[in-house]
1. Within segment 323-334, is even one residue closer than 30 Å to Phe457 by Cα, at pLDDT 80 or above and not in a helix (DSSP H, G or I)?
2. Check Ser406 against each of (1) closer than 28 Å to Val250 by Cβ; (2) touching a Gly at 6+ places or on another chain (Cβ under 9 Å); (3) small (Gly, Ala, Ser) and name the one condition it does not meet.
3. Across segment 94-113, which residue is nearest to Leu229 (Cα to Cα) among those that are surrounded by fewer than 24 Cβ atoms within 10 Å (Cβ to Cβ) and not hydrophobic (A, V, I, L, M, F, W, C)?
4. Can Leu199 be described as surrounded by fewer than 22 Cβ atoms within 10 Å (Cβ to Cβ) and not in a loop (DSSP other than H, G, I, E, B)?
5. Would you mind telling me which numbered condition in (1) more than 18 Å from Arg102 (Cα to Cα); (2) touching a helix residue (DSSP H, G or I) at 6+ places or on another chain (Cβ under 8 Å); (3) not aromatic (Phe, Trp, Tyr) Leu438 fails?
6. Only one of these conditions is not met by Pro433: (1) surrounded by 13 or more Cβ atoms within 10 Å (Cβ to Cβ); (2) part of a loop (DSSP other than H, G, I, E, B). Which number is it?
7. Report every pair of residues separated by at least 6 positions or lying on different chains whose Cβ atoms are under 8 Å apart, first residue within segment 419-442 and of a type outside the set (A, V, I, L, M, F, W, C), second outside any helix (DSSP H, G or I).
8. Of everything in segment 72-115, what is modelled with pLDDT under 85 and within 24 Å of Val441 (Cα to Cα)? Give them in sequence order.
Amino acid sequence: STMRKRKTTDSPHLSTDLKEEEKLKLKQEVGLISGVSLIAGTMIGSGIFMSPEWVLHHMGSPASSLIIWAACGLLAMFGALSYAELGTIIKESGGEYIYILRIFGSFPAFLFAYTSVILVRPAGLAAVCLSFAEYAVAPFYPGCASPQVVVKCTAAACILLLTIINCLNVRLATSVMNIFTAVKLLALLVIVVGGLILLAKGQTQSFQNAFQNTNAGIGAVGVAFYQGLWSYDGWNNLNYVTEELKKPEVTLPRAVMIAIPLVTCLYLLVNVSYLAAMTPSELLSSGAVAVAWGDKVLGSWAWLISLAVALSTFGSSNGTFFSGGRVCYIAAREGHMPDILSMAHVRCLTPSPALLFTSAMSLIMVISGSFTSIVNFFSFIAWLFYGMTISGLLYLKIKKPELPRSYKVPIIFPIIVLMAAVYLVLAPIIDQPQLENLYIVLFIFSGIILYFPLVHFKCHPRFLQRVTLHLQLLLEVASTT
């Protein structure tokens, strides 16, 4: 019956009679609160509980590490406001992919989609789920390292649970996001208040000679930015679901202006709290900074921090999964991915095939991935494409100022973000070139092999149509076009 419905809606004779409310499309169910939750909830994940020691390690001093955290927040704010203008000019879901497609054309957009769908998004989701698993299983193995098999199985279970939630209902997914955002904000407030109490008691030894041992090397600053910006990753997530926003021209800029300053202030206060509770050397040897802070400050209640971190990373992975599946869905809708990935479930109205594909790729990453290796690799690719997207906005501002837009960002903001993107991509390569960066570039350009036969010349094997048909019946999905 599903296929019969689809044939009816695809028929040119009957499509004009179809009522607007009966058309198959994703619902506009993301309001301002859910928008703020999607940005803040995705940003506040594992990073703030794991990255501070690495930022301090690369920068060498407490004051310089705090400057990096503030600069990362400012950069995320400038980037998000620039994206908000893009979102009011190009009112389509898909984030960087749809902007690159509309401004630069099909080929660079395909390379982005190919890299993002197969590598970047699944790797990011896998990293967050692995960190969730580390904290979730830690209480069951006191005094020793958790077995990797248990950690990876827990991460896989997390991915499967997220798949079910996001495939069932958009409202359910956003409700989960809102609840977990509230929980993680509460956890961060506990750390902030604890730190302020310690400062009031005079524990300020970490802030004496705070710039001593600062490392100002070009590569060290770049890698420190990578670690800090990992904690801010998610500042652009609302642009992936523009079509599902209520009044996107208003909701998008407002959500950005509320969420990112809130997260930046919290991150700075949390870092101050860590440094109030521990000396820099203690922080560097802590392993899990938040847990070490809990042991020092909360004593027997330290288990609350482990629980809060686990809940925080679960909420963050839900936000990453929610937006990541949309990139896959939009790319397929534009003809850059198999047709089946552009379809939506006929009853749940969710892009379930795209979500299932993202889930499958993330499970593969979990089997072989580790948290620390993914962060630098993820950041290198991400800022490469962020830079391309921001250069597209500058092109539109200079060459096409007449385009209607309900929000305009000062031109200096995208210029700063573009300069930062160039620095973040080139600095680590110039200072400490690594073979992994060459592999990443080769992987991106390997998309050429697929682009010309499958997208440009549209050479589609006939058996793929039969496979798509069977998958439609199995998954109960239909085209939204």
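The values are calculated or read from the model by the stated rules, or taken from the named source; none is laboratory data. What you are looking at is a predicted structure, and each value in this text was computed from that prediction instead of being measured. Every residue, glycine as well, gets a Cβ built from its backbone with ideal geometry; the counts of neighbours run over all protein chains shown. Accessible surface is based on the protein model in full, side chains and every heavy atom, while ligands, DNA and RNA are left aside. Shrake-Rupley method; radii C 1.70, N 1.55, O 1.52, S 1.80 Å.
1. There is at least one residue in segment 323-334 that is closer than 30 Å to Phe457 by Cα, at pLDDT 80 or above and not in a helix (DSSP H, G or I).
2. (2)
3. Step by step, filter segment 94-113, then rank; the result is Pro108.
4. Details: surrounded by fewer than 22 Cβ atoms within 10 Å (Cβ to Cβ): yes; not in a loop (DSSP other than H, G, I, E, B): yes.
It is true that Leu199 is surrounded by fewer than 22 Cβ atoms within 10 Å (Cβ to Cβ) and not in a loop (DSSP other than H, G, I, E, B).
5. For Leu438, the failing item is (2).
6. (1)
7. Close Cβ pairs satisfying both conditions: Pro428/Gln434; Asp431/Gly217.
8. Gly94, Gly95
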